[in-house]
2 protein chains.
Amino acid sequence: MTTPGQASQLRLATFRLARRLRTHKSDDSVTDAQFTVLGALSRFGPHTLSALAERERVSAPSMNRTVNCLEEAGLIMRSEDSADRRRTNIEITASGTDVVTRTVSKRDAWLTERLNELSHEDHVALARATEIMARFADQ
Amino acid sequence: MTTPGQASQLRLATFRLARRLRTHKSDDSVTDAQFTVLGALSRFGPHTLSALAERERVSAPSMNRTVNCLEEAGLIMRSEDSADRRRTNIEITASGTDVVTRTVSKRDAWLTERLNELSHEDHVALARATEIMARFADQ
DNA sequence: TATTGTTATACTCTATAACTATA
DNA sequence: TATAGTTATAGAGTATAACAATA
C-alpha cells in the first residue's frame with residue numbers, strides 16, 4: 001500500500017535531482033532540447049520528423065525548428081526517403097555523435113562519483129527504481 | 001562498482017519522469033517556469049526579485065518577466081520595501097496558493113495511482129532510491 | 001481524402017547591455 | 001560608486017493554423 005507522503009517525496013526528489021543535474025551543463029553550443037534530440041538519434045537511429053516529435057512529445061513545427069538548428073550546426077543530416085517521398089529521414093552526423101559522447105561523459109561524471117560511493121544494496125535498489133521511473137514516464 | 005550506463009540511465013529516467021510530472025498542471029494558463037516560482041513563494045515565503053532569480057538560477061530580467069506574467073494573472077503581489085526603497089517584495093496571493101495546492105494534489109494523484117500497482121519489493125526499492133536521490137540533490 | 005513536412009504567426013523563457021532610482 | 005529593479009533587444013522553444021507535395 002502506498003503511504004500518502006510517498007508520492008510527494010518521489011515527486012520532490014525527482015524535480016530536485018533533475019534540477020541539480022541540469023546545473024551540470026557541459027557544452028554551451030548545444031541547448032538541452034537540441035541535445036535530447038541528438039541523444040535520441042544516437043541511441044535509436046534515424047527518425048522521420050513526426051517520429052522525433054512524437055518521441056519528445058512536442059509538435060511537429062517545434063521539432064522542425066530544433067532540427068533546423070541542428071542541421072545548420074552540422075550535427076544532423078536530412079535525406080529523402082526513397083519509398084515515400086513525403087518523408088524525410090533525419091540522422092545524426094559524426095560531429096553530432098561526437099557532441100553526444102563528450103557531453104554525456106561530462107554530465108555523468110558528477111553522478112558516477114556519487115554512485116561509486118553507494119553500497120551494493122543501494123546500487124541494486126537504485127537500478128530497480130530507475131527502471132520503474134522510466135516506465136512511469138512512458139505512461 | 002558502477003557500470004558505465006548506470007549514471008546515464010538514472011539521469012535519463014529522472015529527466016523523463018520530471019518532464020512527465022510537469023505535464024500535470026491544474027491550469028494550462030500557468031507555465032512550468034511560472035509554477036516553479038509560485039512553488040518557491042509558497043514554500044519559502046516572500047522574496048525580492050534578485051533573491052527569486054538566484055534561487056531559480058536565472059537572470060534578473062528573465063525573472064522579472066515571469067513575475068510580470070504572474071502579477072497580471074493575480075497570482076503574486078508586489079509591495080515596496082519600507083526600509084530600502086530600491087527593493088520590491090514579491091509574495092504569493094490566495095489565488096496563487098490555490099493554483100499550487102490544486103497542481104500538487106493532481107501530480108501526486110497520478111503518481112499514487114502508479115505506486116499502488118507496484119509489488120512490495122518495488123515499493124521498498126523506490127523508497128530507498130528516493131532517499132538517495134534527495135541526498136544527491138543536496139550535494 | 002489523408003499524411004508528411006513545412007511556413008506563418010505569436011507567446012514564453014532565456015540572456016546581455018543599458019538605463020533609472022535609491023543607498 | 002554600488003545595488004535593485006526595469007527596459008531594450010535578440011535567440012530558442014513552444015503552440016496552432018494553414019499550406020504544398022505526396023500517398
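When the range B:90-108 is examined, which residues are found to be part of a helix (DSSP H, G or I) and more than 8 Å from every other protein chain (Cβ to nearest Cβ)? Break it down stepwise before answering.
Step one: filter the range B:90-108 for residues part of a helix (DSSP H, G or I), giving B:94-108.
Matches in the range B:90-108: B:A94, B:S95, B:G96, B:T97, B:D98, B:V99, B:V100, B:T101, B:R102, B:T103, B:S105, B:K106.
Failed condition for A:T93, given (1) touching a helix residue (DSSP H, G or I) at 6+ places or on another chain (Cβ under 7 Å); (2) away from DNA strand C (no atom under 12 Å from the Cβ); (3) without any contact (Cβ under 8 Å) to a residue 40 or more places away in the chain, with all others met?
Every listed condition holds for A:T93 apart from (1).
Which of the residues that make up the range A:18-69 are more than 16 Å from DNA strand D (Cβ to nearest atom), hydrophobic (A, V, I, L, M, F, W, C) and at pLDDT 90 or above?
Listed by number, the list holds a single entry, A:F44.
Going through B:L12, B:L41, B:L17, B:L52 one at a time, which residue ends up being open to solvent by 20 Å² or more (accessible area, probe 1.4 Å), part of a helix (DSSP H, G or I) and aliphatic (A, V, I, L, M)?
Selected residue: B:L12, the only one of B:L12, B:L41, B:L17, B:L52 that is open to solvent by 20 Å² or more (accessible area, probe 1.4 Å), part of a helix (DSSP H, G or I) and aliphatic (A, V, I, L, M).
Can you run down the residue pairs with Cβ atoms below 6 Å, 6 or more apart or on separate chains, where the first is in the range A:110-135 and more than 7 Å from every other protein chain (Cβ to nearest Cβ) and the partner is open to solvent by 30 Å² or more (accessible area, probe 1.4 Å)?
That search, which allows pairs on different chains as well, returns A:W110/A:H24.
Go through the residues of the range A:45-53 one by one and say whether even a single one is among the β-branched types (V, I, T), within 16 Å of DNA strand C (Cβ to nearest atom) and out of contact with any Cys (no Cβ under 6 Å at 6 or more places or on another chain).
Going residue by residue through the range A:45-53, those that are among the β-branched types (V, I, T) are A:48.
Now drop any that are not within 16 Å of DNA strand C (Cβ to nearest atom), which leaves A:48.
Among the residues that remain, those that are also out of contact with any Cys (no Cβ under 6 Å at 6 or more places or on another chain) are: A:48.
Within the range A:45-53, one or more residues are among the β-branched types (V, I, T), within 16 Å of DNA strand C (Cβ to nearest atom) and out of contact with any Cys (no Cβ under 6 Å at 6 or more places or on another chain).
Can you tell me which of (1) within 27 Å of A:V58 (Cβ to Cβ); (2) surrounded by fewer than 16 Cβ atoms within 10 Å (Cβ to Cβ); (3) more than 15 Å from DNA strand C (Cβ to nearest atom) is the one B:D32 doesn't meet?
Condition not satisfied by B:D32: (3).
For residues that are of a type in the set (K, R) and either open to solvent by less than 30 Å² (accessible area, probe 1.4 Å) or in contact with a Phe, Trp or Tyr (Cβ under 6 Å, 6 or more places away or on another chain) (or both), scanning just the range B:71-129, find the one that is farthest from B:L49 (Cα to Cα).
If we take residues in the range B:71-129 being of a type in the set (K, R) and either open to solvent by less than 30 Å² (accessible area, probe 1.4 Å) or in contact with a Phe, Trp or Tyr (Cβ under 6 Å, 6 or more places away or on another chain) (or both), then B:R114 is farthest from B:L49 (Cα to Cα).
The values are calculated or read from the model by the stated rules, or taken from the named source; none is laboratory data. For clarity, every value in this text was computed on a predicted model and none was experimentally measured. Positions of Cβ are generated from backbone atoms using ideal geometry, with glycine treated the same way; all protein chains shown enter the neighbour counts. All accessible areas refer to the heavy atoms of the entire protein, side chains included, with ligands and DNA or RNA removed. Shrake-Rupley method; radii C 1.70, N 1.55, O 1.52, S 1.80 Å.
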